[in-house]
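Trainee: Could you have a look at this structure, given as structure tokens, before my questions?
The values are calculated or read from the model by the stated rules, or taken from the named source; none is laboratory data. Just so it is clear, the structure is predicted and the values come from calculations on it, not from any experiment. No Cβ is skipped: glycine too gets one built from the backbone with ideal geometry, and neighbour counts run over all protein chains shown.
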Number of protein chains: 2
Amino acid sequence: MIRTSIATVSLSGTLEQKLTAIAAAGFDGFEIFEPDFIGSALTPAALASRAADLGLSIDLYQPFRDLDSTDEAQYARNLVRAEHKFDLMEQLGCDTILVCSSPLPSAVRDDDRLAAQLHGLAERAHRRGIRVAYEALAWGAHVNTYRHAWNIVAAVDHPALGTCLDSFHILSRGDDPAGIRDIPGEKIFFLQLADAPAMAMDVLQWSRHYRKFPGQGTFDLAAFGAHVHATGYAGPWSLEIFNDVFRQSSTGRTAADAHRSLRHLQEQVATRMPGSAGLFVPPARPDIDGVVSLRIAAGPDRAAQLRTMLGSIGFGYAGRHREHELELWRHGELTVAVDATSDTAWTAPAAGTPLPVLSQIGIRSADPDAWEARALALEVPAHEVELPGAVSESADPAADVVRLRVTEATSIDLRGPASRAAWREAFEPQSQPLALPSLLTGVDHVALAVRPDDWDGIMLRLRSVFGMQPNEGVDIPDSVGQLRSQSLTMTGTGSASPLRISLNMVPGCPAGPEHPTAIRRGGVSHVAFTCADIFATAAELVTLGHRRPAISANYYDDLVTRFDLDPQILWQMREFGILYDADGGGEYFQLFTETVGADLFFEIVQRVGDYRGQGELNSAVRVAAHLRAGC
Amino acid sequence: MIRTSIATVSLSGTLEQKLTAIAAAGFDGFEIFEPDFIGSALTPAALASRAADLGLSIDLYQPFRDLDSTDEAQYARNLVRAEHKFDLMEQLGCDTILVCSSPLPSAVRDDDRLAAQLHGLAERAHRRGIRVAYEALAWGAHVNTYRHAWNIVAAVDHPALGTCLDSFHILSRGDDPAGIRDIPGEKIFFLQLADAPAMAMDVLQWSRHYRKFPGQGTFDLAAFGAHVHATGYAGPWSLEIFNDVFRQSSTGRTAADAHRSLRHLQEQVATRMPGSAGLFVPPARPDIDGVVSLRIAAGPDRAAQLRTMLGSIGFGYAGRHREHELELWRHGELTVAVDATSDTAWTAPAAGTPLPVLSQIGIRSADPDAWEARALALEVPAHEVELPGAVSESADPAADVVRLRVTEATSIDLRGPASRAAWREAFEPQSQPLALPSLLTGVDHVALAVRPDDWDGIMLRLRSVFGMQPNEGVDIPDSVGQLRSQSLTMTGTGSASPLRISLNMVPGCPAGPEHPTAIRRGGVSHVAFTCADIFATAAELVTLGHRRPAISANYYDDLVTRFDLDPQILWQMREFGILYDADGGGEYFQLFTETVGADLFFEIVQRVGDYRGQGELNSAVRVAAHLRAGC
């Protein structure tokens, strides 16, 4: 199997805390990032001993900067500096050092002279039994591509000199990684992997602050990894992530995400290289078949408001749980469980999460156990696979449900064939049969509130365990701030329409008198139901007592200048407070409820043709209307 | 006087809240940002009436995008769209519309054709009594410089067409603004002002998220403003700021900062253009003469620890306040008041600020009243000029102190000649005369913890009221996150050495079990005292019982590879835990105390030659040592 490694800079904490977390997450080794070592009270021998106790190898000492110099006296001093580091590495039991290309004006710009200087270092390293991995920084003054670095290494042709490949330095420049296949695997001395979001910014700043784990950004690391694997490279796959958020997040959680990201990446590479050895492959993603139920934790305080809201969009009360303060509400094939308990172990969201919150998304699956096996292979801890206790169905093996946590507040429940009966038995049905309208036809998307420091971990979990595909993210300014929104789509799953989940970033701070918008009034979380005819639905809802936030007249006056709309349609949109968007593929109509609490609301949408978005451009108008309605 | 204006997009809140804050801050008018209007429930007539009630003029309707098009049918539709907006402007009573250059592939790239299309719009506007202000976006497809925009406007030569100058679009590109003097003032139809921090990133993203008010960034807006003023431009100076932090900050506070920024800018322009009319000029900055005292609010819980710490660096107890739990501690000419009261009105920092905190920086001034007049002219509210009540000295006119708030927790006190006597009378002196060492010679710098959403306002206050000059900011990664640090220097003030104040950004969130570093253990705030001989001082402190955090041995092993240090010096640094840095100008030696509480510590430094920094590179090593010491 491929060995896994991680640079200590990728995590928050003291060096001791980092090593403990790295071992606990299942890594085989680590790169020691020099500043982490310099600040540490661990002597080299103590660090070596600590690593050995934890079963970790020290795979790389890094970085060694600015070796080459047009000033030969400086180069000579740099060799002395290198010998100091070789002494240290000997004590550490680390045999590979990263040397990166120089970004300084003094960098050697003549390839032959540069090769000679690297040869000088390699000779000294060789005598000490040390290997030099030479890497092109994307912002190197002369050497800034992997091909150039490899050409220099090939020219030196010394057993102690190889190259280090770093996906960030290669992919951030838009270089074609296919040429990696031209490098002999044994001359690749180290591999560093990092993903990153697409950003139009200086590459140095991008690298130092915004790197992410594979599967959290937009680089095609599966292709990259396949190129490297094809060379026969046999060293560790290592993560070197500089990220401002990770620097202050939970060390253990970040390390677990890091290890998961390498398993996820190996699975993707294996898909491209069937039959290839050494790659980790978890059980495949089982099929799913659309959203079957939702559970909303409202607590005793918000339950009444939630009931009224559900009633106003055509849901009817259908029964009560035999043991808990849990009610079933139905509309056609759609089921919403209203959770009015005050016990947070039962309502699921962690203490402190503002209620109401969408706590469970129930999805029909032929084989929940296969989902559980996949989740465990991707290192979702067992306690996050199934909540023990309170919920009767999960204590009962016949319940046939596997619950996978997505955010702190929300899980996805994979509901197997037997779960329907178990669910039915748990509830005492309403004696009167329900006569409900069938306006709503399914779930278009759900939006979840996510804190900045949870964002990347949640993204990775949805992409790895669930195989969801990220769409382009958007920043939506409105009158209470700016909402970062990123949707993901779960496709290829039977006949059901795709499930979209939007992650909406909310500030992590509680509200205070000086920060009225810190908890975001105007709504973040919502469930969008689909309908076949938005105008018929809107008209029907009026009879049900639907209260909608008043959309400004100015919105419709402006809509006329943007779209060539039938006056009759426009009149109806004004009348019912329906919002509109269109793109090259189709049209989108939206209708909102007021919010329950400050945060949660429902949306009813109609898609015409192949409209791609979720009406993001209308978000500010919707927020303004919600704020006016006192939401 | 120059009229002041601001675009509604610059502030958080509903349109109604924005207008109220704009009027309260003292602006003469505003630019209506179209999305703010579209989301609002105010009809055009109601908005006009609201503005009139508040005494505000509607100076600009903006933006009108993508007028010109190589598709003539699209251009024709755009003219229809413009007529819709003219209708609206008529109802608003707004006579100027901003038209920005097109960034689209369909933008007209032939200047004559572009002029013809703009002429077509100008003709229509003229008929309606409306003026068109044409602006070059920095990312315009064809027109992206102010010269180009002005050349087109000059070619059209129509009374209803002028140009709009936006400092961001001009200075972000590095364009020379001197050419503005070639534009006749009456053809400049509008002026938008924005500052921005130096950032190596895509100019569109920079513009949309990181603009700041004048005096909060690095643009030379004083020179820019002088060029514009020299043309005879008589319209408003208006702020158009897109900033992610301002979008969710207190509306009123941001508006007040905005207005202050324009007063500050006018003062700077006036300095460059002596005798020029129309510019606002506050009373000049009076001289000051160095730090004379510090007050630290420790509360009853931290006072004992603070006393021990002060004693360990050579301060001695010198007396107690006759009325309050306030003690004087002295060392040579230095005075520290230890505030052990539990009353937050007296300890000054707002409730919730973690103690201990540096609550007052006392600076000697010949004329505190002149400082008060300047502060009021720069719109520091009277209640922030002097805290009434609790502090006896400020209730007493003879006290001769003016207190100017800098952060939520810290003020700068300007202490006049009479304050020394008042101070002496308020304290009951220690009966025993003190025999103190004179190791410490002054205050090198103080560092204050600042929340992200307070940062820009504090920066502006220090730069405007106090005339402080910002140095380059740094991001310092360490084991608990990353510290954004920015120092400012107060110079040219008598014989005293300059006062440096560092602002250190801390996350605004409280600590939680999952976020152990949200309140930053390892220290943020500190006071750095100067000394003449760091080794003699360190030796003396040992006898005083000074406890220092243990600096890692690895640090000194690495120091050898970086600097050519005398082994004897290095040995002493190891022995005393002294940190070291050097730059082209000189050397810097640093010695730390442990922290009081989680946050505050003292530093003793020696500067040799003209060293510019504050040892920022050593910060991570210091934090690691503090964390090990349980700080």
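Trainee: Could you pull out the residue among B:I569, B:I578, B:I604 that is at pLDDT 95 or above, over 25 Å from B:L448 (Cα atoms) and out of contact with any Asp or Glu (no Cβ under 7 Å at 6 or more places or on another chain)?
Mentor: B:I569
Trainee: Among the numbered criteria (1) under 28 Å from B:I288 (Cα atoms); (2) among the hydrophobic types (A, V, I, L, M, F, W, C); (3) touching a residue at least 60 places away in the same chain (Cβ under 8 Å), which one does B:A421 miss?
Mentor: Unmet condition: (3).
Trainee: Then there is this: Tell me, please, whether a residue that is surrounded by fewer than 22 Cβ atoms within 10 Å (Cβ to Cβ), away from chain A (no Cβ under 13 Å) and in a loop (DSSP other than H, G, I, E, B) can be found in region B:118-126.
Mentor: Checked region B:118-126: no residue is surrounded by fewer than 22 Cβ atoms within 10 Å (Cβ to Cβ), away from chain A (no Cβ under 13 Å) and in a loop (DSSP other than H, G, I, E, B).
Trainee: Now for a separate question. Which pairs turn up if I take residues in region A:245-260 that are more than 10 Å from chain B (Cβ to nearest Cβ) and closer than 18 Å to A:Y210 by Cα and look for partners that are assigned to a helix (DSSP H, G or I) and aliphatic (A, V, I, L, M) with beta carbon separation below 8 Å, at least 6 apart in sequence or on another chain?
Mentor: From residues that are more than 10 Å from chain B (Cβ to nearest Cβ) and closer than 18 Å to A:Y210 by Cα, the pairs are A:T254/A:A21; A:A255/A:A21; A:A255/A:I22; A:A255/A:A24; A:D257/A:L460.
Trainee: State which residue pairs qualify: first residue within 20 Å of B:Q360 (Cβ to Cβ) and inside region B:449-463, second residue part of a helix (DSSP H, G or I) in any location, beta carbons under 7 Å apart, and separation of 6 or more residues or different chains.
Mentor: Short answer, once both residue conditions are applied: B:V450/B:I458; B:G457/B:R253; B:G457/B:D257.
Trainee: Please verify whether region B:225-236 includes one or more residues that are within 11 Å of B:A194 (Cβ to Cβ), buried (at least 21 other Cβ atoms within 10 Å of the Cβ) and either touching a Lys or Arg at 6+ places or on another chain (Cβ under 6 Å) or away from chain A (no Cβ under 14 Å) (or both).
Mentor: So far as region B:225-236 goes, no, none of its residues is within 11 Å of B:A194 (Cβ to Cβ), buried (at least 21 other Cβ atoms within 10 Å of the Cβ) and either touching a Lys or Arg at 6+ places or on another chain (Cβ under 6 Å) or away from chain A (no Cβ under 14 Å) (or both).
Trainee: Another question, if that's okay. Please work out if B:Y588 is under 21 Å from B:I476 (Cα atoms), within 14 Å of chain A (Cβ to nearest Cβ) and assigned to a strand (DSSP E or B).
Mentor: no
Trainee: Follow-up. Determine whether region B:224-245 contains at least one residue that is over 25 Å from B:I2 (Cα atoms) and of a type in the set (A, V, I, L, M).
Mentor: Yes, region B:224-245 contains at least one residue that is over 25 Å from B:I2 (Cα atoms) and of a type in the set (A, V, I, L, M).
Trainee: Next question. For A:T254, are the conditions met, namely being assigned to a helix (DSSP H, G or I) and of a type in the set (S, T, Y)?
Mentor: Yes.
Trainee: Given the criterion closer than 22 Å to B:H324 by Cβ and either at pLDDT 90 or above or not assigned by TED's automatic domain parsing to the domain that holds B:D599 (or both), identify the matching residue among B:L448, B:L378, B:L440, B:L414.
Mentor: B:L414
Trainee: May I pose another question? Filter region A:560-584 down to residues that are of a type in the set (D, E) and more than 14 Å from chain B (Cβ to nearest Cβ) and give me whichever is nearest to the chain's Cα centre (by Cα).
Mentor: A:D583
Trainee: Moving to a separate point now. Residue pairs, Cβ under 8 Å, 6 or more apart or interchain, first in region B:66-92 and within 23 Å of B:A136 (Cβ to Cβ), second assigned to a helix (DSSP H, G or I) and of a type in the set (S, T, Y). List them.
Mentor: B:L67/B:Y75; B:D68/B:Y75; B:S69/B:Y75; B:R81/A:T561; B:K85/A:T561
Trainee: Among the residues of region B:127-168 satisfying the criterion of being assigned to a helix (DSSP H, G or I) and among the polar types (S, T, N, Q), which is surrounded by the fewest Cβ atoms within 10 Å (Cβ to Cβ)?
Mentor: Looking at the filtered set, the residue picked out is B:N151.
Trainee: Let me ask another. Can you pull out the residues in region B:11-48 that are among the hydroxyl-bearing types (S, T, Y), free of Cβ contacts under 8 Å to residues at least 60 places away in the same chain and buried (at least 19 other Cβ atoms within 10 Å of the Cβ)?
Mentor: Selection gives B:T14, B:S40.
Trainee: Do we find a residue being within 28 Å of A:G457 (Cβ to Cβ), among the aromatic types (F, W, Y), touching a residue at least 12 places away in the same chain (Cβ under 8 Å) and outside the structural domain of A:S172 (by TED's automatic domain parsing) anywhere in region A:269-285?
Mentor: Yes, region A:269-285 contains a residue that is within 28 Å of A:G457 (Cβ to Cβ), among the aromatic types (F, W, Y), touching a residue at least 12 places away in the same chain (Cβ under 8 Å) and outside the structural domain of A:S172 (by TED's automatic domain parsing).
Trainee: So, one more: When you scan region A:613-628, do you find a residue that is among the hydroxyl-bearing types (S, T, Y), under 27 Å from the mean Cα position of the chain (by Cα) and away from every other protein chain (no Cβ under 14 Å), even just one?
Mentor: No; the residues of region A:613-628 include none that is among the hydroxyl-bearing types (S, T, Y), under 27 Å from the mean Cα position of the chain (by Cα) and away from every other protein chain (no Cβ under 14 Å).
Trainee: Can I ask one more? When you scan region B:191-210, do you find a residue that is over 22 Å from B:R247 (Cα atoms) and either outside the structural domain of B:T8 (by TED's automatic domain parsing) or assigned to a helix (DSSP H, G or I) (or both), even just one?
Mentor: no
Trainee: Hey, does region B:607-622 have a residue that's among the acidic types (D, E) and buried (at least 22 other Cβ atoms within 10 Å of the Cβ)?
Mentor: Among the residues of region B:607-622, not one is among the acidic types (D, E) and buried (at least 22 other Cβ atoms within 10 Å of the Cβ), which makes the answer no.
Trainee: In region A:33-56, which residues are farther than 28 Å from B:Y580 by Cα, small (G, A, S) and either within 11 Å of chain B (Cβ to nearest Cβ) or within 32 Å of the chain's Cα centre (by Cα) (or both)?
Mentor: A:A51, A:G55
Trainee: I would also like to ask the following. In this structure, does B:T8 turn out to be within 11 Å of chain A (Cβ to nearest Cβ) and crowded, with 19+ Cβ neighbours inside 10 Å?
Mentor: Here the answer is yes, as B:T8 does meet what is asked.
Trainee: Could you tell me whether any residue of region A:95-102 is buried (at least 19 other Cβ atoms within 10 Å of the Cβ), touching a Ser or Thr at 6+ places or on another chain (Cβ under 7 Å), at pLDDT 95 or above and more than 14 Å from chain B (Cβ to nearest Cβ)?
Mentor: no
Trainee: Does region A:564-587 contain any residue that is among the basic types (K, R), surrounded by fewer than 20 Cβ atoms within 10 Å (Cβ to Cβ) and closer than 25 Å to A:I361 by Cβ?
Mentor: Scanning region A:564-587, I find no residue that is among the basic types (K, R), surrounded by fewer than 20 Cβ atoms within 10 Å (Cβ to Cβ) and closer than 25 Å to A:I361 by Cβ, so the answer is no.
Trainee: Looking at (1) buried (at least 22 other Cβ atoms within 10 Å of the Cβ); (2) in a helix (DSSP H, G or I), which is the one condition that is false for B:L88?
Mentor: That leaves (1) as the condition not met.
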